[in-house]
Structure formats: structure tokens, C-alpha cells
Amino acid sequence: MNDESTGSTPAAEPARGLPPEQLPSVSGPLTGSPDLPAPTADAPGAVDGDVPPPPRQNVFIKELLRGSAVTTILAIVAAMIVGGILIAFTDEDVRAASSYFFARPGDTFVAIWNAVYGGYEALFRGAIFNARVDDFAAQIRPLTNTLGFAAPLIAAGLGVALAFRVGLFNIGGRGQMLIGAATAGLVTFQLGLPMWIQLPLTLIAGIAGGAIWGGIVGLLKARTGAHEVILTIMLNYVALYLVMWLVRTPGLLQATGSNQPISNPTPANAQFPDLLGPRFPLLDWGFVIVIGATVFVWWLIERSSLGFRLRAVGENPHAARAAGISVQRMYVYAMLFAGGLAGLAAMNQIQGSVVSGFDAFIDAGIGFDAITVALLGRSRAWGTFAAGILFGALKAGSFTMQASQGIPVDIVLVVQSLIVLFIAAPPLVRTIFFLPKTDAEKAAKARAKAAKRPSEPKNPKAVSA
């Protein structure tokens with residue numbers, strides 16, 4: 001009988017062409033064959049049919065793109081792009097060229113470029129380096145102005161960031177700064193001591209005043225459970241009207257022989273000396289003290305045993321209490337430190353940039369800007385330091401933008417707000433720049449899809465019926 005009569009199948013026939021012993025092996029990661037060589041450090045491979053892991057450099061790049069540092073940088077870039085669009089829309093030359101856009105579109109694009117480039121070039125020239133002057137001291141003066149503006153922002157931002165790490169939302173920086181300045185003025189302005197006593201005593205008095213005002217919030221929260229947001233908002237108003245009364249009352253803070261609501265000038269012996277000389281008036285030794293405060297906050301939170309307890313309360317107060325940590329005491333400690341740092345910010349004002357006397361608006365919005373700085377710095381000491389310098393640069397450069405390009409200062413405020421918006425929404429930044437999603441975002445997306453999917457009936461026969 002032939003092969004057809006035996007009922008043989010094509011699978012039983014030998015492969016035509018090469019003999020079986022000369023055919024290549026069919027093992028590999030896609031075949032599920034267990035006959036694979038064991039992976040080594042030099043040649044990683046699959047085991048028991050598993051897909052080999054991706055290269056290490058791919059994993060590193062993916063984790064880097066997911067990290068907070070890249071997200072923060074791209075948030076600033078996105079805010080700058082939106083700010084550039086606003087600069088273009090508010091520029092008179094752009095509006096004039098857009099009126100005949102279809103006749104000569106190139107004029108509109110040139111006007112947009114000139115407006116955006118001119119605005120950000122003025123920002124850089126006013127905040128970092130001015131290449132239009134020949135004197136080197138005048139060229140670097142914008143950088144010193146940036147550092148001078150950044151010093152109180154960093155100090156107050158550190159206070160907000162420290163409270164964030166303990167789970168407290170401290171928005172009372174304004175009140176703590178006002179009480180710090182008032183305490184220093186009441187206690188030390190009339191002493192007339194030598195500089196080596198007067199200056200540190202004024203600094204300590206201001207820090208102590210801010211710490212006491214912040215400690216009141218911590219104590220009330222620890223004893224009564226009152227929310228710190230309500231407490232700090234109300235104490236901001238109390239501090240504002242209290243200082244307004246003090247600077248209007250003769251014999252307290254009102255300047256001698258004046259009927260204006262302003263304090264006496266800061267005594268010369270209590271002022272911070274210039275760090276690089278009189279040619280750089282905004283940069284003084286207060287910035288060095290702020291650097292020391294940054295190092296202290298970093299050590300306190302990241303390296304000390306007290307910082308460990310503070311972070312434990314911030315992560316989970318119930319678990320911290322079960323571990324034997326006094327949560328109430330940590331709240332008081334956190335607000336004492338936060339208020340003291342806000343008091344340091346006030347001292348950078350009245351002992352540094354504003355020495356002609358202060359009133360109830362000496363905080364200059366720093367108490368609220370500190371919240372933005374802390375958010376941008378991810379509540380880390382050195383992140384807050386870098387964020388404060390960025391906001392100091394925006395503030396220093398905004399004056400040059402307005403003076404040389406006619407760009408409103410409000411544009412810089414919009415950029416600051418957009419930075420916070422993008423920082424608070426990392427998924428939005430990742431979507432804009434096509435960054436890989438984190439595992440948490442992927443899990444949330446999968447849960448959302450599962451929730452939208454209709455549930456399957458337990459009895460499949462019911463469907464057919």
C-alpha cells in the first residue's frame with residue numbers, strides 16, 4: 001500500500017530539504033522552550049520562556065523621565081511657553097501686524113519673535129547678567145539683586161515646607177512675619193548697643209516673635225484639635241491689625257516725632273552689612289544666614305531623631321502615635337520652627353532691604369509667596385532654596401521687563417501661578433510632553449476602565465436565553 005492508503009499525515013513526513021540533524025534549533029523566548037542557556041551577567045537572557053528584561057539604560061531613562069525633577073523642570077518650561085503666548089498677545093506690535101496677517105504673515109511672526117525674545121531677554125538681563133554694560137560689577141548686579149530678593153522667600157518657604165512635612169498647612173507666614181518684625185522693633189530698636197550685640201539680638205528677637213506666633217497655632221491644634229488653616233488665617237488678621245495699631249500709637253512702634261503709621265528706622269548697628277560692598281546693596285549677610293537656615297532645616301528633617309518623629313507624624317499620625325510618638329508635641333515643635341523661619345524672613349526685610357522703617361505691610365506678600373516656593377521645592381530644604389532663587393529671579397527681572405519692554409509685571413505673576421498649577425498636576429505635564437506614566441497612574445487608569453466595563457453575568461446561559 002502506498003502512503004495515502006496508510007492514512008499518514010503531512011506532520012508524519014520528514015522535512016524536505018535538509019536532513020533533520022542539520023536543521024537549526026527552534027528554541028527561543030517566543031517558543032516557550034526550556035532548553036535555553038542560563039543567563040549570565042554578560043549575556044542576560046530568558047529563563048523558562050520568559051521575555052528578557054529591558055536594558056538597564058532604558059529602565060534608568062524611564063525612571064528619570066518619571067521623576068519629580070524632570071516634571072518640575074518641564075512645568076517651568078510649560079509656564080514659560082504660556083507666558084510667552086501672553087506676552088505676544090499683549091504686545092502692541094503683534095496686534096498691529098496681525099491686522100494684515102493674510103497679506104504679510106511674516107510680519108506677524110517677526111513681531112511675535114521680537115516680543116517674546118525681548119521679554120525673556122529683559123528678564124534674564126534684569127535677573128542674571130547684563131551684557132549691555134562694560135563694568136563687570138554692573139554686569140553681575142542683577143544676580144546679586146536676585147539673591148537679595150530670594151533670601152526672605154527662602155526663609156519663609158522653609159517654614160511652610162517644614163510644616164508640610166509634618167502634615168500641617170501653614171499659611172500664616174504673613175502674620176508670623178509681622179509679629180517677628182514688631183517684636184524686634186519693640187524690644188531692640190531703642191537699645192543703642194554695639195553692633196556685635198545689637199545685630200544678633202535684633203535677629204533673635206525677630207525669630208522668637210515669629211516662633212511664638214507660630215507656636216500658638218501648634219498649641220491650639222494640639223490641645224483643641226482646631227484646624228491649622230483656620231487658625232493661621234485668623235491669626236494673620238490679628239497680626240495685621242495689631243501691627244497697624246502699634247505703628248499708629250506714639251510710644252510703641254510709631255516713629256518718634258511723626259504722625260505717620262510707620263516705625264522708627266532700623267538702627268545702623270542692627271542692619272546686616274553688605275556682603276560684597278555698597279555697589280550691591282540688596283545682597284547682605286542675611287543671605288548667608290538663610291543658607292545656614294537651609295542647612296539646619298535639611299539636617300533637622302533628614303538626619304536628626306526629632307526630624308524622624310516629625311516625618312513620621314506627617315506620614316501617618318495614627319501609626320506615629322501607636323509607635324509612642326507624641327503627635328501633639330510634634331505639632332507644637334513644627335509650628336515653632338515654621339514661625340521662627342518666617343521671623344527670619346521678616347528680619348531679612350527690616351535688617352536688610354527695608355531699613356527706613358516698616359508698617360503693617362512689611363511682609364510684601366512674601367508670606368503667601370512662600371507657599372508657592374514650598375510647593376515648587378517639593379517641601380524639601382534644598383528644593384525650596386532653589387525655588388526661592390527662581391522666584392527671586394522672576395521678581396528681579398520683572399522690573400527690567402516692564403521698564404525696557406513695557407511688559408506688565410502681572411505677566412510674571414501669571415507665570416508664577418502657572419508654575420504652581422503645573423507642579424500641582426504632574427499627570428498634566430506628562431501628557432503635554434508625552435512622558436511615561438507612573439505605576440500609580442497606570443493602576444488608576446486600569447481601575448477606571450474596570451469601573452466603566454459592564455459586569456459579566458454569573459450564568460452565561462442566561463444571556464443566550
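Key figures for this structure:
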{"read-out": "Residues (closer than 16 Å to Ile81 by Cα and either crowded, with 19+ Cβ neighbours inside 10 Å or modelled with pLDDT under 80 (or both)) located in segment 414-430", "value": "Val415, Gln416, Leu418, Ile419, Val420, Phe422, Ile423, Val429, Arg430"}
{"read-out": "Output for segment 218-234, where each listed residue is of a type in the set (Val, Ile, Thr) and touching a helix residue (DSSP H, G or I) at 6+ places or on another chain (Cβ under 7 Å)", "value": "Thr232"}
{"read-out": "Tally of residues being in a helix (DSSP H, G or I) and not hydrophobic (A, V, I, L, M, F, W, C) across segment 359-379", "value": "3"}
{"read-out": "Any hit, segment 312-330, residues being closer than 26 Å to Met244 by Cβ and at pLDDT 95 or above", "value": "no"}
{"read-out": "Failed item, numbered, when Glu121 is tested on (1) touching a Lys or Arg at 6+ places or on another chain (Cβ under 8 Å); (2) free of Cβ contacts under 8 Å to residues at least 24 places away in the same chain", "value": "(1)"}
{"read-out": "Residue check for Ile411: within 30 Å of Arg66 (Cβ to Cβ), at pLDDT below 85 and open to solvent by less than 20 Å² (accessible area, probe 1.4 Å)", "value": "no"}
{"read-out": "Pick from segment 380-420, criterion among the aromatic types (Phe, Trp, Tyr) and either within 11 Å of the chain's Cα centre (by Cα) or not in a helix (DSSP H, G or I) (or both), ranking: farthest from Ala161 (Cα to Cα)", "value": "Phe391"}
{"read-out": "Unmet requirement for Ala320, which otherwise passes all of (1) surrounded by fewer than 24 Cβ atoms within 10 Å (Cβ to Cβ); (2) farther than 20 Å from Val217 by Cβ; (3) more than 26 Å from the chain's Cα centre (by Cα)", "value": "(2)"}
{"read-out": "Test set (1) of a type in the set (S, T, N, Q); (2) in a helix (DSSP H, G or I); (3) surrounded by 21 or more Cβ atoms within 10 Å (Cβ to Cβ) - Gln328 fails condition number", "value": "(3)"}
{"read-out": "Hits in segment 59-84 (condition: without any contact (Cβ under 8 Å) to a residue 40 or more places away in the chain and open to solvent by less than 80 Å² (accessible area, probe 1.4 Å))", "value": "Val59, Gly67, Ala69, Val77, Gly84"}
{"read-out": "Checking Ser356 against (1) of a type in the set (Ser, Thr, Tyr); (2) part of a helix (DSSP H, G or I); (3) open to solvent by 30 Å² or more (accessible area, probe 1.4 Å), the condition it does not meet", "value": "(2)"}
{"read-out": "Looking only at segment 392-408, and only at residues there that are out of contact with any helix residue (DSSP H, G or I) (no Cβ under 6 Å at 6 or more places or on another chain) and of a type outside the set (A, V, I, L, M, F, W, C), the one that is surrounded by the most Cβ atoms within 10 Å (Cβ to Cβ)", "value": "Gln402"}
{"read-out": "Members of segment 283-292 that are open to solvent by less than 10 Å² (accessible area, probe 1.4 Å) and under 15 Å from Gly383 (Cβ atoms)", "value": "Val290"}
{"read-out": "Pick from segment 156-215, criterion open to solvent by 20 Å² or more (accessible area, probe 1.4 Å), part of a helix (DSSP H, G or I) and in contact with a Pro (Cβ under 9 Å, 6 or more places away or on another chain), ranking: modelled with the highest pLDDT", "value": "Leu199"}
{"read-out": "Test: residue in segment 70-80 that is under 24 Å from the mean Cα position of the chain (by Cα), among the hydrophobic types (A, V, I, L, M, F, W, C) and farther than 29 Å from Val409 by Cβ", "value": "yes"}
{"read-out": "Flag if Leu220 is surrounded by fewer than 21 Cβ atoms within 10 Å (Cβ to Cβ) and without any contact (Cβ under 8 Å) to a residue 60 or more places away in the chain", "value": "yes"}
{"read-out": "Scan of segment 298-326 for residues that are in contact (Cβ under 8 Å) with a residue 60 or more places away in the chain and farther than 16 Å from Ser379 by Cβ, ordered by number", "value": "Pro317"}
{"read-out": "Some residue of segment 259-280 being aliphatic (A, V, I, L, M), assigned to a helix (DSSP H, G or I) and over 28 Å from the mean Cα position of the chain (by Cα)", "value": "yes"}
{"read-out": "Residue in segment 118-144 that is nearest to Pro281 (Cα to Cα), counting only those that are open to solvent by less than 50 Å² (accessible area, probe 1.4 Å) and under 21 Å from the mean Cα position of the chain (by Cα)", "value": "Ala127"}
{"read-out": "Residue check, Arg248 open to solvent by 70 Å² or more (accessible area, probe 1.4 Å), among the charged types (D, E, K, R) and farther than 30 Å from Phe129 by Cα", "value": "yes"}
{"read-out": "Test: residue in segment 225-237 that is open to solvent by less than 50 Å² (accessible area, probe 1.4 Å), free of Cβ contacts under 8 Å to residues at least 60 places away in the same chain, assigned to a helix (DSSP H, G or I) and not hydrophobic (A, V, I, L, M, F, W, C)", "value": "no"}
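The values are calculated or read from the model by the stated rules, or taken from the named source; none is laboratory data. For clarity, every value in this text was computed on a predicted model and none was experimentally measured. Heads up, the Cβs are rebuilt from the backbone with ideal geometry, glycines too, and the neighbour counts pull from every protein chain shown. Keep in mind that these areas ignore ligands, DNA and RNA; they rest on the heavy atoms of the full protein, side chains included. Shrake-Rupley method; radii C 1.70, N 1.55, O 1.52, S 1.80 Å.
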